[in-house]
Amino acid sequence: MTKTFSFELPSQVPAEAETEGNNMPTDLKSLLGAVYRRFWLIALSFLSVFTLVAYMTFNQTPLYQSSSVVQLDTEQQNVIDLGSVLSGLAVSTAVIDTEVMIMKSKSLLTKVAVKQKLIEDPEFNWTLRERKTSALGKLKNQVKSLVGMDTRVVDPFEGMSVDERESAILDSVVGTLMGRVGVSRIGTTYLINVEVTSTSPETSARLANAIADQYRVQQLETKLDATRRATEWLSDRVFALREEVEEKENRVAKFIADNDMETAMGNTLTEQNIAYLTTQRTQAEVELSRVR
């Protein structure tokens, strides 16, 4: 008797094997193929970014920064000895921080802006710059024209007088200058660093020195004003005391003349009374010592 055995060979890979094959990491060849298929997209993106960065770099206005260092005067020296009237402050962190705030204050920078005539510099006075409408601005104006909106440029100083206009422009100039100035203390020293940023290296250096000079001038004016006021106070006080002494001397002379109190043996009556009272006090002290 003959037995026949039949075997059935699978014609396809099992599902588990397919899943394992799909989960295998992409090899280098597949990665290069994906890059090759998207080469033009990658190249175009890189070229666009490079062009944009190059355009912004070459069209950006270069900025220059200059600095000036100011040393605080820690010695309390007065032109005249006025005591507590002109007593100096101890140099502490709070005092130095105060000086830093003074150097970048609006009042000091306003004086610098006026002396340096920054109102005539287009870098600080935006009203002197040439107005250029960008492509986006032109597009906005076209849209406004289509919808019937007013496309005129609004004058921010409209309705102001000449003095008000100049004052507003000066405030704008000072505000721009304040944004370009940096003042800081150098470490824990008595040195203060003044930095000014500008599109011109000459302007930045000139303004840094001008701020330092204006600070010194302002400090000197403050000391001179304090000295002047103290001198006036002392002069008024001396004059008042002189008048008071003269008045009392006149009253004493009048009292002596009215009461016929002439000198006796070269001494006035008052001097005789003082000598008598002094003698009496001495005798009383001697008697007290004897009793003890």
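Worth pointing out:
- Computed FRET value (nearest 0.05) for Gln218 with Ser67, which takes r as the C-beta separation and R₀ as 25 Å: 0.80
- Fully extending the segment from Leu241 to Thr199 would add 8.9 nm, taking 0.36 nm per residue of separation and subtracting the current Cα-Cα distance.
- Peptides 61-70, 201-210 ordered by average Cβ neighbours within 10 Å, highest first: 201-210, 61-70
- Length added when fully stretched, Ile102-Arg228, from 0.36 nm per residue minus Cα-Cα: 43.1 nm
- Theoretical gain in end-to-end length, Leu191 to Glu130 [0.36 nm per residue, Cα-Cα removed]: 17.9 nm
- For peptides 158-170, 113-125, 215-227, sequence by mean Cβ density within 10 Å, most packed first: 113-125, 215-227, 158-170
- The C-alpha atoms of the stretch 212-264 occupy a region whose extents along the principal axes are 72, 16, 5 Å, arranged from largest to smallest.
Just so you know, all these numbers are worked out from the coordinates, no wet-lab data involved. On a predicted model such as this, the values are computed, not experimentally measured, just so you know. Cβ sites come from the backbone with ideal geometry, for glycine too, and all protein chains shown count toward neighbours.
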